[in-house]
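This report concerns only the one structure given below.
The values are calculated or read from the model by the stated rules, or taken from the named source; none is laboratory data. All values derive from a computational prediction rather than experimental measurement. Glycine gets a Cβ as well: all are built from the backbone with ideal geometry, and neighbour counts include every protein chain shown. With ligands, DNA and RNA removed, areas are computed over all heavy atoms of the protein, side chains included. Shrake-Rupley method; radii C 1.70, N 1.55, O 1.52, S 1.80 Å.
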Amino acid sequence: MAAIILDGNRIAAQIKTEIGQEVCRLSDAGFRPGLAVILAGHNPASEIYVRNKVKSCEQLGILSESIGPPQSVSTKELLEIVGRLNQRDEIDGILVQLPLPEQVDAKSVLLAVAPEKDVDGFHPVNVGNLSTQRPGLVPCTPAGVIEILRRSNLPIEGRNAVVIGRSDIVGKPVAMLLLNNNATVTVCHSKTINIAQIARQADILVAAIGKPGFVTREFVKPGATVIDVGINKVTDKKEFERFFAGDTSRERTFLEKGSTLVGDVHPHVKELAGALTPVPGGVGPLTIAMLMANTVKACQMRRGKVARGRE
Ligand code: NAP
């Protein structure tokens, strides 16, 4: 039987509706949440991401501000920008769009963001809060993975979860969130031996690798839930055929645009999995929704009891 397709666009829209209502309540109480996005230099992909983030803020009534220092910006200048944003009361969230220009020490810039305004959840204080189950800001994409499972009524507690990928941005925080939700978690990476065999033990399999179609049928226990975090652009016709041979509507778009997106999970896994996130339209839309949620949460945590409403 074919997998249930977990519709990330629908879940993200649901979350955004809830956030919009909370932003109204906060704004009425005099606490309009505010997000500042720093986009250094010119990177076409980053420009699209930032535009989408600003657009979501506008839709939900969140104050947004984009700051665009030039490609030649120094670490010191970026630290000053972050320092000023840390001081401004109307800014609840600060997002530094990655990648930063080569000459910039990205780690020190991320470390300079005040932990209570760190809506990406990358600051060591928030990483520590997550691993010790204290309140804090959780990275957006991993938080989105949990929302997909929760809102699709797919239980986590007691399940075997396997995460492929151990990056600080996705793999590790997803694993920690699954553990905090009482799954039994295994993390695989490029040095893991027999990944397919380990992955086949999973009730919940999360792929965050960055390799198109890496997870094939051999990795999947029949009926498992498969969450595909990967976003990979395919431009080569032969590679396209490897994934989408016979998919005429995909082929039409591929021929028109010259590319298509494929996840880290091979599309044929849908014949075996119990539930699967598509690419595009799976985890991707949740990332921006959770950024909006983090901005509201940062506002509530930072501006105290009145902003948090009923407790
Ligand atoms: P990353 O920093 O490059 O990490 C990739 C991880 O995969 C590493 O831990 C690496 O292992 C592991 N890996 C690489 N090759 C492997 C192999 N052959 N076998 C097993 N493990 C392997 O990437 P990332 O930032 O975590 O992103 C992963 C994917 O998610 C990318 O496609 C990215 O575009 C996508 N992504 C999507 C969203 C979204 O909004 N949906 C957000 C962020 C990222 P080692 O640690 O041993 O090197």
Condition first: surrounded by fewer than 14 Cβ atoms within 10 Å (Cβ to Cβ) and not in a helix (DSSP H, G or I). Now tell me which residues in segment 101-134 satisfy that.
Glu102, Gln103, Thr132, Gln133, Arg134
Restrict the check to segment 249-264 and report whether at least one residue is open to solvent by 30 Å² or more (accessible area, probe 1.4 Å) and within 16 Å of the ligand (Cβ to nearest atom).
yes
Could you please let me know if Val234 is under 25 Å from the mean Cα position of the chain (by Cα) and more than 10 Å from the ligand (Cβ to nearest atom)?
yes
Would you check which residues across segment 203-212 are surrounded by 19 or more Cβ atoms within 10 Å (Cβ to Cβ) and within 21 Å of Ile169 (Cβ to Cβ) and list them?
Ile204, Leu205, Val206, Ala207, Ala208, Ile209, Pro212
Please specify each residue of segment 203-226 satisfying the condition of being in contact with a Ser or Thr (Cβ under 8 Å, 6 or more places away or on another chain), more than 10 Å from the ligand (Cβ to nearest atom) and hydrophobic (A, V, I, L, M, F, W, C).
Ile204, Leu205, Val226
Pairs with Cβ under 7 Å, 6+ apart, first in segment 136-158 and free of Cβ contacts under 8 Å to residues at least 40 places away in the same chain, second part of a helix (DSSP H, G or I):
Gly136/Asn126; Gly136/Asn129; Gly136/Leu130; Pro139/Pro173; Pro142/Pro173; Pro142/Val174; Pro142/Leu177; Ile146/Leu177
Within segment 153-186, how many residues turn out to be within 9 Å of the ligand (Cβ to nearest atom) and open to solvent by 60 Å² or more (accessible area, probe 1.4 Å)?
4
Criterion violated by Val170 - all others in (1) of a type outside the set (Gly, Ala, Ser); (2) closer than 18 Å to Lys270 by Cβ; (3) in contact (Cβ under 8 Å) with a residue 40 or more places away in the chain satisfied
(2)
Segment 2-38, residues that are under 23 Å from Lys117 (Cα atoms), touching an Asp or Glu at 6+ places or on another chain (Cβ under 9 Å), open to solvent by less than 80 Å² (accessible area, probe 1.4 Å) and at pLDDT 95 or above
Ala12, Ile15, Pro33, Gly34, Leu35, Ala36, Val37
Which one of these does Lys270 not meet: (1) touching a Leu at 6+ places or on another chain (Cβ under 8 Å); (2) part of a strand (DSSP E or B); (3) open to solvent by 10 Å² or more (accessible area, probe 1.4 Å)?
(2)
Looking at segment 58-100, which of its residues are farther than 22 Å from Asn294 by Cβ and open to solvent by less than 60 Å² (accessible area, probe 1.4 Å)?
Pro69, Val73, Ser74, Thr75
Across segment 35-69, what is the number of residues that are under 17 Å from the mean Cα position of the chain (by Cα), part of a helix (DSSP H, G or I) and in contact (Cβ under 8 Å) with a residue 60 or more places away in the chain?
4
Filter segment 135-147 for residues that are small (Gly, Ala, Ser) and assigned to a helix (DSSP H, G or I) and give the result.
Ala143, Gly144
Return yes when Leu95 is modelled with pLDDT of 95 or more, of a type outside the set (Gly, Ala, Ser) and either in a loop (DSSP other than H, G, I, E, B) or out of contact with any Leu (no Cβ under 7 Å at 6 or more places or on another chain) (or both) and no when it is not.
no
Let me spell it out: the conditions are (1) closer than 26 Å to Ile148 by Cα; (2) modelled with pLDDT under 95; (3) within 16 Å of the ligand (Cβ to nearest atom), and Glu239 meets all of them except one. Which number is the exception?
(1)
